[in-house]
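The values are calculated or read from the model by the stated rules, or taken from the named source; none is laboratory data. Source: prediction; values computed, not measured. Here Cβ is always computed from backbone atoms with ideal geometry, including for glycine, and neighbour counts include all displayed protein chains.
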Amino acid sequence: MIGAYIRALSFASRRNRFLGSVNEMSANELYRMTHGDDVARPALIVEAVDGVARVMIGEARYALLPDGLSCEFALSVAEACRHKGIGTLLIGIIEDRAKALGMRYLVGDVFRSNEAMVALARNAGFAVTRPVLDDRLVRITKALSVLDGAQARNEILSQAWSIAA
């Protein structure tokens, strides 16, 4: 299901999600994406129900960084399902998990040309800065507070989408 979802993304969406040209996920990559360990967590999968069929419409991953303070994340949403709050919801879930794991920052590297993700990050309270090593990228960073938005997100979740981790 994940492989089919990634293949269905446009070339630009796959490039933005994986920060490079990706057409197909190898069996090893799919396994790593779905089987976490102490550092890498499994993917979060968003599904919509179409009649009796479940259709994958979004995904996100996160990993704790070696600094012990930061959690890096990446996400994608199917083109037909954008601007419906799915990306915001995924960021919120990852934010809650990062807080629960004691992380102080949520970070991600984004192509500067990925205006949709930069706008989503800004709307979600991230600061946008340039990374040091690659001028094509910007770094999005959010300091995690102890304020808890989990209850509001749980209400949204129960209304529209199925998310599995």
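Suppose the filter is touching a Lys or Arg at 6+ places or on another chain (Cβ under 9 Å), within 30 Å of residue 145 (Cβ to Cβ), surrounded by fewer than 18 Cβ atoms within 10 Å (Cβ to Cβ) and charged (D, E, K, R); does residue 67 pass it?
Answer is no for this residue.
Out of the residues in segment 1-37 that are farther than 27 Å from residue 138 by Cβ and in contact with a helix residue (DSSP H, G or I) (Cβ under 8 Å, 6 or more places away or on another chain), which is surrounded by the most Cβ atoms within 10 Å (Cβ to Cβ)?
By that ranking, first place goes to 30.
Within segment 137-157, how many residues turn out to be loosely packed, with under 13 Cβ neighbours inside 10 Å and at pLDDT 95 or above?
Here the count works out to 1.
Please go through (1) out of contact with any Gly (no Cβ under 9 Å at 6 or more places or on another chain); (2) modelled with pLDDT under 95 for residue 96 and return the number of the only condition it doesn't satisfy.
(1)
Suppose we keep only residues that are in a loop (DSSP other than H, G, I, E, B) and in contact with a strand residue (DSSP E or B) (Cβ under 8 Å, 6 or more places away or on another chain) within segment 118-133. Which one would you say is modelled with the lowest pLDDT?
131
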